[in-house]
1. Once label points are set 7 Å from the Cα along Cα→Cβ at both Ile107 and Ala134, what is their separation, rounded to one decimal in nm?
2. Would you mind getting me the FRET efficiency between Phe95 and Tyr36? Use the beta-carbon distance for r and R0 = 25 Å, nearest 0.05.
3. Efficiency by 1/(1 + (r/R0)^6): what FRET value for Asn200 and Asn68, r their Cβ-Cβ distance, R0 = 35 Å, to the nearest 0.05?
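Bear in mind these aren't lab numbers, they're just calculated from the coordinates by the rules spelled out. Everything quoted here is computed from the prediction, not taken from an experiment. Methodologically, a virtual Cβ is constructed for each residue, glycine included, from the backbone with ideal geometry; neighbour enumeration extends over all protein chains shown.
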Amino acid sequence: MSATLLLTVGLAVLIGISLGLLGGGGSILAVPLLVYVADLPAKEAIATSLLVVGATSAVGVIPHARANRVRWRTGLIFGLAGMAGAYAGGRLAEFIPAAYLLTGFAIMMLATAIAMIRGRRSAEGEPVPHELPAFRVIIDGVVVGLVTGLVGAGGGFLVVPALALLGGLPMPVAVGTSLVVIAMKSFAGLAGYLSSVSINWGLAAAVTAAAIVGSFLGGRLAGKIPADVLRKSFGWFVVVMGVFVLAQQLPAELRSNPLLWTGVGIAVATAVAVTVPFARRKPGVHGESAVREPVESASRR
């Protein structure tokens, strides 16, 4: 086994930890890992990431289901709608240059991260829905699924905000439910890609096995971290990965320009200064009480 393959498989454990802990981020890690470490072409990396993330999510949902952190009806409807969009996106991706796909991927990551860090406006004491309205779930599912198929994201970085910010589910429940959706949409997106892309099945199997191990570790951690901390951690994690992926699409002379990175540093510092105090002031954003509320109690609502 080569050093590159060993490094790829070792880092793949982080894919599973991200999925098990945050309900997303698998493809955010998998695509850069397969492109920049395993040295796969972008479209092959995207297709492989869909296989890895789909299989890992299907296994990773088990500890969340045992802890009653899955809304099955919402997840299955969202997943079925997302599968249609993901298959269409996977077929459409054949006609879009890889650089455009990765750039769009990074921009959506950053936009979603800001929403997660800022949190959701809601009235204090607002009831938590057991299941979300079917029509809204279908519309959200198709849109998120289309993005999933296009950019190879399992969709957790969009599904989790949709469930937590728009749907009002507690963050731990949004995490568990998103894994059901991610598994369904990832396999549908993979089916779309396989019409035009081949996969190194040996590499995919090794990365998937490592990611599954990580998903069980992440699932155990998810039950021990406060919901508000989990949401903000997810947001900042996506910011870092989004900046990295976006930077890789820049011309080489720009990537090595210190003025560019100084500007990025200033922008990130400004974002921290604006979003963190804003999130602290808002009442009821899975709220002030959510910081003190353990994940286990949130899942019993």
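1. 3.6
2. Working: r = 25 Å, r/R0 = 0.98.
It comes out at approximately 0.55.
3. On the way: r = 38 Å, r/R0 = 1.09.
My answer for the efficiency is 0.35.
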